[in-house]
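Asker: Sharing a structure, written as structure tokens. Questions coming.
The values are calculated or read from the model by the stated rules, or taken from the named source; none is laboratory data. Small disclaimer: the values here were computed from a predicted structure and weren't measured. Here the Cβ positions follow ideal geometry from the backbone for every residue, glycine too, while neighbour counts run over all protein chains shown. For the accessible areas, the whole protein counts, side chains as well, though only heavy atoms, and no ligand, DNA or RNA atoms are used. Shrake-Rupley method; radii C 1.70, N 1.55, O 1.52, S 1.80 Å.
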Amino acid sequence: MRGEAFTSIVTVPPAPSPIGTPVSHPAPIPTPVKGAAGTTNTSPTAPVLTDPIPGPGGDGSPYFVWFEIGPFNDSDVDDGQTVTEFEVFDTALSTHVWRATLDGPITRADLRSGTFIGPLTGRLGLEMGRVYAFRARVRDDSGDRQTEWSPWSSSVLRIVAAPVTGERPSSYPRRVAGVKPDTFAWTGPDGQPIELPSGDSQPSSAEILAGRRPLLTVTAHPGVPVQIAAGSPGGRLESLVVRITSGDADVLLVPDSTLRFVDTLGREVSVYLPGLALGPNQTILLSVATTGSTSWEPDDLLDTAGPVQPRLESPARHAPNGWLARAGYRVERIAGGLRFPVHLTFDPGAPPGEDAVVAYIAELGGSIKALTRTGDLVPFADGLLNYDPAAPPESLPGENGLSGIVLDAESGDLFASLVFERDGQLYNAIVSIGRRNDGTQAGPVERILEMDSAPTSASHQVHAVTIGPDGKLYANVGNAFSADQSQHPDTSNGKILRMNLHGSAPSDNPFYDTDRPSHPRSYIFAKAIRNAFGAAWRGADGQLYISENGEDLDRVARVTAGLDLGYDGEDTSLVPQALRVFGPPAHAPTGLAALNARQFPAPDGTLYMATSGRNFVRGPQATGKRIWELNLEDGVVAEPVSELIAYAGEGRSSISGIAFGPDGLYFLDLFPEHPVGGDPSAGTAAIWRIIYVGHEN
């Protein structure tokens with residue numbers, strides 16, 4: 001992953017001398033012109049460049065750069081604007097690459113308005129990764145060749161790849177081998193099929209390519225209906241590319257649209273195309289990321305030898321979703337196909353390569369999925385529960401099972417929290433899971449701790465597991481809906497536990513009993529919690545923090561050795577040890593994550609807490625379906641706390657686990673946004689990523 005960010009627009013001081021070799025003009029010579037006898041013409045004022053706007057801008061595209069100048073200004077009040085010239089230079093080569101001379105009082109143009117010259121002759125766009133400068137001048141209608149032109153604009157703007165905080169988001173091309181033609185659909189924002197213009201003799205077309213290999217072509221021939229032709233039936237996985245050609249139609253106008261099809265591996269693929277306006281005989285290339293987002297690609301993408309390698313550096317259209325992010329951040333859908341995803345963990349030592357596993361996701365029903373760097377989800381482990389989670393004894397479906405998951409970077413093993421059945425009762429447990437084949441397959445599974453001193457219950461089971469800076473394993477254990485158990489030292493329920501990685505109790509635990517090292521009290525690190533779903537370690541202070549559910553009040557709390565967190569059955573008892581209280585009404589906190597690696601520009605140690613709200617509810621909620629940002633100053637949460645994202649769509653998405661990856665904050669939606677047939681267990685929930693993009697959305 002590279003450290004640079006998306007294309008932005010920044011202001012730089014004027015160069016001491018013009019970049020390139022602009023046309024020279026003699027010094028103005030006073031010449032009688034129109035107006036009163038004996039008067040002379042004055043040159044117009046140099047135009048002010050107003051677009052691209054100086055300072056951080058939106059995602060730029062080397063194919064669609066707009067130039068805009070301010071109003072025409074001439075001290076000769078009778079003069080009008082007749083011509084505008086724009087020029088673009090390659091700063092490294094010191095040469096012109098594009099020029100437009102436009103008649104009339106023009107104040108705005110784009111690259112399609114002019115001509116590429118010099119090293120870019122014949123191209124449709126600028127080259128990505130290079131620095132360009134541009135300027136403008138205007139001509140008045142005085143007819144005086146010496147003074148009719150204004151000076152070139154004094155401000156010089158340049159397109160540059162600017163750095164942002166954290167690593168560049170890891171975007172990878174969607175790879176396909178083939179397309180099932182009968183599944184293809186291309187629709188606009190109104191859901192209606194897209195129609196291409198036919199032109200006079202040359203057809204317009206849209207092609208779906210796997211690398212250079214055509215998979216499917218939509219063609220609009222003059223005088224005949226639109227035709228869809230299948231290409232290569234299949235082959236090896238290659239990068240998905242869309243090529244759209246206007247033919248000799250006067251203009252090809254397409255609104256924002258979506259291509260949908262099923263590939264030959266049975267995967268549903270959505271491609272989000274930007275609105276297009278192409279003149280005659282123009283062609284554009286778009287690459288497709290694993291998220292379905294598209295990027296403009298250079299004209300020669302398919303001309304180089306070897307595998308086609310899209311750059312994915314010039315965003316064209318992002319995949320839409322129902323999540324709204326704070327200005328400067330964006331939410332991206334990474335992958336779908338999850339069933340009740342609960343917690344996730346990243347592998348900081350993931351090997352290089354696109355197919356390497358970078359994270360693991362625990363599903364409530366007893367499965368673990370591995371997430372590859374390209375955004376694919378692959379099965380890692382199944383059948384981790386010894387009972388049917390759809391019908392657990394004396395409980396409700398979908399409210400217990402596999403929950404927490406964490407990876408030990410030193411050993412490479414995974415640790416997970418789950419529920420097991422014995423003699424008709426459900427109990428909490430911790431298991432270790434080895435890894436094989438570069439982390440793509442589960443190795444031996446061992447139950448290292450069985451918490452069988454008391455049964456657990458629906459929802460209030462064991463949740464997050466974390467590894468502290470001391471190398472010990474910590475587990476949040478719900479109180480099984482029993483306030484008495486929260487305080488009782490002879491049960492694990494309602495406690496934060498601390499253990500060695502092989503499952504024994506460390507002898508330095510605050511309540512360790514040398515005579516009974518396997519007794520529940522020997523594992524207790526802190527007591528008196530109700531139902532703490534999330535946990536995170538702050539690198540800034542080396543302390544453990546939890547997010548906990550009350551009935552009408554919720555809290556975030558700092559946990560230290562031997563701490564009594566105070567829960568006695570009343571919500572008010574949550575307050576004394578709370579860093580921050582949420583509610584009433586309840587927000588239903590879920591995942592918790594700490595900023596320890598500068599993925600966002602917030603202070604180190606900033607906490608991010610997810611709230612799910614009420615389960616399986618359609619649309620936004622007043623308190624749930626959010627991620628909150630909590631800045632700690634001198635150990636106290638600074639007010640007011642702010643929302644990082646909130647759900648504003650019409651679906652049933654609800655956040656469960658969250659975790660920082662190397663390039664952003666990832667989160668899981670426990671329920672699919674739009675579950676098939678309204679079934680929450682349909683297996684279409686997703687993993688999402690929040691990235692910092694350094695400018696307002």
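Asker: Looking at the structure I just gave you, is GLY613 surrounded by fewer than 23 Cβ atoms within 10 Å (Cβ to Cβ), on the phi > 0 side of the Ramachandran plot and either basic (Lys, Arg) or outside any strand (DSSP E or B) (or both)?
Answerer: On the way: surrounded by fewer than 23 Cβ atoms within 10 Å (Cβ to Cβ): yes; on the phi > 0 side of the Ramachandran plot: yes; either basic (Lys, Arg) or outside any strand (DSSP E or B) (or both): yes.
So GLY613 fits the description; yes.
Asker: Given the conditions (1) surrounded by fewer than 22 Cβ atoms within 10 Å (Cβ to Cβ); (2) closer than 21 Å to GLU673 by Cα, report the number of the one that GLN309 does not fulfil.
Answerer: That leaves (2) as the condition not met.
Asker: Can you tell me how many residues within segment 668-692 are farther than 15 Å from LEU377 by Cβ and touching a Ser or Thr at 6+ places or on another chain (Cβ under 9 Å)?
Answerer: 7
Asker: Could you list, in sequence order, the residues of segment 227-266 that are in a strand (DSSP E or B), surrounded by fewer than 16 Cβ atoms within 10 Å (Cβ to Cβ) and among the charged types (D, E, K, R)?
Answerer: Selection gives ARG260 alone.
Asker: Checking VAL581 against (1) assigned to a strand (DSSP E or B); (2) of a type in the set (A, V, I, L, M, F, W, C); (3) touching a residue at least 60 places away in the same chain (Cβ under 8 Å); (4) more than 26 Å from SER507 (Cα to Cα): exactly one of these is not met. Which one?
Answerer: (3)
Asker: Looking at GLY336, GLY375, GLY349, which is the one that is of a type in the set (Gly, Ala, Ser), surrounded by fewer than 21 Cβ atoms within 10 Å (Cβ to Cβ), closer than 25 Å to PRO310 by Cα and at pLDDT below 95? Before you say what the answer is, go through the steps one by one.
Answerer: Numbers: GLY375 fails: surrounded by fewer than 21 Cβ atoms within 10 Å (Cβ to Cβ); GLY349 fails: closer than 25 Å to PRO310 by Cα.
None of the other options fit; the residue is GLY336.
Asker: Another one. Looking at segment 172-226, what strands (runs of 3 or more DSSP E) fall wholly within it and have at least 1 residues that are small (Gly, Ala, Ser), touching a residue at least 24 places away in the same chain (Cβ under 8 Å) and buried (at least 20 other Cβ atoms within 10 Å of the Cβ)? Break it down stepwise before answering.
Answerer: On the way: elements: 185-187, 204-210, 213-220.
By residue number, 204-210, 213-220.
Asker: Against the condition of a type in the set (A, V, I, L, M), buried (at least 23 other Cβ atoms within 10 Å of the Cβ) and out of contact with any Lys or Arg (no Cβ under 9 Å at 6 or more places or on another chain), how does ILE658 come out, does it pass? Lay out the reasoning, then the answer.
Answerer: Values: of a type in the set (A, V, I, L, M): yes; buried (at least 23 other Cβ atoms within 10 Å of the Cβ): yes; out of contact with any Lys or Arg (no Cβ under 9 Å at 6 or more places or on another chain): yes.
In short, yes.
Asker: Considering every residue within segment 537-544, establish whether at least one is of a type in the set (Phe, Trp, Tyr) and under 28 Å from ASP663 (Cβ atoms). Quick ask: steps written out before the conclusion?
Answerer: Our first condition is that a residue be of a type in the set (Phe, Trp, Tyr); within segment 537-544, this holds for 537.
Then drop every residue that is not under 28 Å from ASP663 (Cβ atoms), which leaves 537.
For segment 537-544, residues of a type in the set (Phe, Trp, Tyr) and under 28 Å from ASP663 (Cβ atoms): present.
Asker: Of all residues in segment 586-600 being assigned to a loop (DSSP other than H, G, I, E, B) and among the polar types (S, T, N, Q), which is surrounded by the fewest Cβ atoms within 10 Å (Cβ to Cβ)? Lay out the reasoning, then the answer.
Answerer: To start, the set of residues in segment 586-600 that are assigned to a loop (DSSP other than H, G, I, E, B) comprises 586-588, 595-600.
Filter again for among the polar types (S, T, N, Q), leaving 596, 599.
Numbers: ASN596: 15, GLN599: 21.
The qualifying residue surrounded by the fewest Cβ atoms within 10 Å (Cβ to Cβ) is ASN596.
Asker: Still on this structure, I have one more. Which residue is farthest from the chain's Cα centre (by Cα), if the candidates are limited to segment 424-472 and must be part of a loop (DSSP other than H, G, I, E, B) and either closer than 18 Å to PHE380 by Cα or aromatic (Phe, Trp, Tyr) (or both)?
Answerer: Step one: of segment 424-472, the residues part of a loop (DSSP other than H, G, I, E, B) are 424, 437-440, 452-461, 468-472.
Then drop every residue that is not either closer than 18 Å to PHE380 by Cα or aromatic (Phe, Trp, Tyr) (or both), which leaves 437-440.
Numbers: ASN437: 28, ASP438: 26, GLY439: 24, THR440: 24 Å.
Within segment 424-472, the match that is farthest from the chain's Cα centre (by Cα) is ASN437.
Asker: ASN73 fails exactly one of the following numbered conditions: (1) modelled with pLDDT under 65; (2) open to solvent by 60 Å² or more (accessible area, probe 1.4 Å). What is the number of that condition?
Answerer: Tallying (1) modelled with pLDDT under 65; (2) open to solvent by 60 Å² or more (accessible area, probe 1.4 Å), ASN73 fails exactly one: (1).
Asker: Taking segment 267-281 only, how many residues are open to solvent by 20 Å² or more (accessible area, probe 1.4 Å) and under 16 Å from THR219 (Cβ atoms)?
Answerer: The total comes to 1.
Asker: Here is a further query. Where the second residue is crowded, with 19+ Cβ neighbours inside 10 Å and among the aromatic types (Phe, Trp, Tyr) and the first is at positive phi and lies in segment 319-344, which pairs have Cβ atoms under 7 Å and are six or more apart or on separate chains?
Answerer: GLY328/TYR692
Here is a yes/no grid of residues against (1) out of contact with any Ser or Thr (no Cβ under 9 Å at 6 or more places or on another chain); (2) on the phi > 0 side of the Ramachandran plot; (3) free of Cβ contacts under 8 Å to residues at least 40 places away in the same chain; (4) not acidic (Asp, Glu):
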site	(1), (2), (3), (4)
GLU68	no, no, no, no
PRO71	no, no, yes, yes
ASP74	no, no, no, no
VAL77	yes, no, yes, yes
ALA92	yes, no, yes, yes
HIS96	no, no, no, yes
ASP103	no, no, yes, no
ALA109	no, no, no, yes
THR121	no, no, yes, yes
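Asker: Kindly establish whether ALA277 is of a type outside the set (Ser, Thr, Tyr), at pLDDT below 85 and more than 29 Å from LEU111 (Cβ to Cβ). Steps first, answer last, please.
Answerer: Values: of a type outside the set (Ser, Thr, Tyr): yes; at pLDDT below 85: yes; more than 29 Å from LEU111 (Cβ to Cβ): no.
Judged against the criteria, ALA277 is not a match.
Asker: Sticking with this one: Within segment 523-569, work out how many residues are in contact with an Asp or Glu (Cβ under 6 Å, 6 or more places away or on another chain) and in a helix (DSSP H, G or I).
Answerer: The number of residues fulfilling the criteria is 0.
Asker: Condition check: touching a Lys or Arg at 6+ places or on another chain (Cβ under 6 Å), part of a loop (DSSP other than H, G, I, E, B) and at pLDDT 90 or above. Does GLY605 satisfy that? Lay out the reasoning, then the answer.
Answerer: Numbers: touching a Lys or Arg at 6+ places or on another chain (Cβ under 6 Å): yes; part of a loop (DSSP other than H, G, I, E, B): yes; at pLDDT 90 or above: yes.
Yes; evaluated as a whole, the condition is true for this residue.
Asker: With the structure loaded, tell me whether ASP484 is modelled with pLDDT of 95 or more and open to solvent by 30 Å² or more (accessible area, probe 1.4 Å) or whether it fails that test. Give the steps one after another, and end with the answer.
Answerer: Details: modelled with pLDDT of 95 or more: no; open to solvent by 30 Å² or more (accessible area, probe 1.4 Å): yes.
When the stated conditions are applied, ASP484 does not pass them.
Asker: Further question: Among the residues of segment 516-555, how many are without any contact (Cβ under 8 Å) to a residue 24 or more places away in the chain, surrounded by fewer than 21 Cβ atoms within 10 Å (Cβ to Cβ) and out of contact with any strand residue (DSSP E or B) (no Cβ under 6 Å at 6 or more places or on another chain)?
Answerer: So the count comes out to 3.
Asker: Quick one: which residue in ALA5, ALA15, ALA46 is out of contact with any Gly (no Cβ under 9 Å at 6 or more places or on another chain), open to solvent by less than 70 Å² (accessible area, probe 1.4 Å) and at pLDDT below 50? Please lay out each step first, then the result.
Answerer: Values: ALA5 fails: out of contact with any Gly (no Cβ under 9 Å at 6 or more places or on another chain); ALA46 fails: at pLDDT below 50.
Sole residue among the options that is out of contact with any Gly (no Cβ under 9 Å at 6 or more places or on another chain), open to solvent by less than 70 Å² (accessible area, probe 1.4 Å) and at pLDDT below 50: ALA15.
Asker: Which of the residues spanning segment 88-126 are part of a loop (DSSP other than H, G, I, E, B), open to solvent by 20 Å² or more (accessible area, probe 1.4 Å) and either closer than 14 Å to PHE67 by Cβ or in contact with a His (Cβ under 7 Å, 6 or more places away or on another chain) (or both)?
Answerer: ILE106, THR107, GLY114, ILE117
Asker: In this structure, is GLY694 touching a Pro at 6+ places or on another chain (Cβ under 7 Å), open to solvent by less than 40 Å² (accessible area, probe 1.4 Å) and in a loop (DSSP other than H, G, I, E, B)?
Answerer: Details: touching a Pro at 6+ places or on another chain (Cβ under 7 Å): yes; open to solvent by less than 40 Å² (accessible area, probe 1.4 Å): yes; in a loop (DSSP other than H, G, I, E, B): yes.
Yes, satisfied.
Asker: Which of the residues spanning segment 566-602 are closer than 26 Å to LEU344 by Cα and out of contact with any strand residue (DSSP E or B) (no Cβ under 6 Å at 6 or more places or on another chain)? Full working, then the answer.
Answerer: Within segment 566-602, the subset closer than 26 Å to LEU344 by Cα is 578-582, 586-602.
LEU595, ASN596, ALA597, ARG598, PRO601, ALA602, listed by residue number.
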